[in-house]
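S.K.: I'd like to ask some things about the structure below.
Bear in mind that the values in this text are calculations on the coordinates, not laboratory data. Values in this document were obtained by computation on a predicted structure and should not be read as measured data. Cβ atoms come from the backbone with ideal geometry, glycine included; neighbour counts cover every protein chain shown.
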Amino acid sequence: MPLTFDDLLARARALPSGGRRAVLGIAGSPGAGKSTLAERLVRELNGAGDTWAAHVPMDGFHLADAELDRLGRRDRKGAPDTFDAAGYAALLGRLREEDGDGIVYAPGFERVLEQPLAGAVPVPPSARLVVTEGNYLLLGTGAWQRVRSRLDEVWFCGLTEAERIRRLVARHERFGKSPEQARAWALGTDQANADLVAASGHRADLVVPAEVLGG
């Protein structure tokens with residue numbers, strides 16, 4: 001039987017156990033549908049106004065443009081070394097451990113500004129499952145290794161390459177790039193990162209098929 005979204009919901013619901021909060025990671029290359037899947041899972045798991053699940057994106061740990069300029073990495077924004085991986089791992093550890101001591105605040109990411117926003121995502125004590133998503137959850141180098149160890153499961157988005165690129169180009173255009181700039185970035189900087197992410201996919205607990213991702 002092919003995997004369905006309902007199967008994913010059931011698997012996500014079963015992750016928290018023994019009164020402990022669980023953290024589910026959703027990984028995949030740029031444009032693979034990670035955010036859309038995470039948002040849909042959290043919406044369905046929460047139902048009408050509940051806060052049983054919370055969405056904490058990895059993108060809040062982008063380094064600010066000023067710091068990327070200082071480091072000389074602005075033209076590679078989105079690569080593994082343009083994130084605060086150690087800070088992200090530390091937050092995931094805190095989310096697992098501090099699940100009854102008040103709200104934990106996580107940073108968000110403003111797509112129009114393309115900048116992180118501190119304290120933008122509240123995770124209340126009632127959240128039994130945290131769904132986090134990003135490109136590099138399965139990367140086995142540097143501080144990214146600590147990220148994987150703080151996740152109960154990681155699912156990998158297996159969108160087809162043609163559909164992934166189409167969506168990625170459309171997203172870049174939506175946030176201000178010209179069609180030429182959008183395609184150049186998607187097939188240049190983004191593609192280098194996508195190849196790196198794809199090589200880590202074998203470490204996932206589950207591959208979400210393209211059919212579930214809408215492509």
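S.K.: In nanometres, what is the gap between the two model label sites at residue 76 and residue 192, each 7 Å from Cα along Cα-to-Cβ?
M.R.: 0.6
S.K.: Non-local amide H neighbours of residue 63 (under 5 Å, H modeled in plane, Pro and chain starts lacking H): which ones?
M.R.: 83, 84
S.K.: Just to confirm the filter: which chymotrypsin sites (Phe, Trp or Tyr not before Pro) across region 128-205 are DSSP coil and have at most 12 other Cβ within 10 angstrom of their Cβ?
M.R.: 175
S.K.: Another question, then. Rounded to the nearest 5, what is the percent of antiparallel bridges among the DSSP beta bridges in region 5-206?
M.R.: So the antiparallel bridges in region 5-206 amount to around 35 percent.
S.K.: Tell me which residues come under 5 Å, amide H to amide H, from residue 130 once H is placed; ignore anything under 5 positions away on its chain.
M.R.: The answer is 22, 23, 24, 54.
S.K.: Ok, one more. List 58, 1 from most exposed to least, where exposure is judged by having the fewest other Cβ atoms within 10 Å.
M.R.: 1, 58
S.K.: For 35, 126, what ranking results if the residue with the fewest other Cβ atoms within 10 Å of its Cβ goes first?
M.R.: 126, 35
S.K.: If you don't mind, there's one more thing I want to ask. Please turn the phi angles of region 131-144 into ³J(HN,Hα) values with the Karplus equation 6.51 cos²θ - 1.76 cosθ + 1.60 (θ = phi - 60°), one per residue in order, whole Hz, x for glycine and proline.
M.R.: 9, 10, 9, x, 5, 10, 5, 9, 5, x, 10, x, 5, 4
S.K.: Sorted from fewest to most neighbouring beta carbons within 10 Å, what does the list 137, 151, 15, 206 look like?
M.R.: Numbers: 137 27, 151 22, 15 18, 206 15.
Arranged by neighbour count, lowest to highest, 137, 151, 15, 206 become 206, 15, 151, 137.
S.K.: So if I take the centroid of the Cα atoms in region 197-214 and the same for region 29-65, what is the distance between those two points in Å?
M.R.: 16
S.K.: Taking amide H atoms as placed 1.01 Å from N in the peptide plane, list the residues 5 or more away in sequence, or in a different chain, whose amide H sits under 5 Å from that of residue 109.
M.R.: 117
S.K.: So, one more: What list of ³J(HN,Hα) couplings, whole Hz, do you get for region 113-119 from phi and the Karplus terms 6.51, -1.76, 1.60, once you set θ to phi - 60° and write x for glycine and proline?
M.R.: Computed from phi, the couplings for region 113-119 are 7, 6, 9, x, 10, 5, x Hz.
S.K.: Residue by residue through region 177-194, what is 3J(HN,Hα) from phi via Karplus (6.51 cos²θ - 1.76 cosθ + 1.60, θ = phi - 60°)? Round to whole Hz and write x for glycine and proline.
M.R.: 7, 5, x, 5, 5, 4, 5, 4, 5, 5, 8, x, 4, 4, 5, 4, 5, 4
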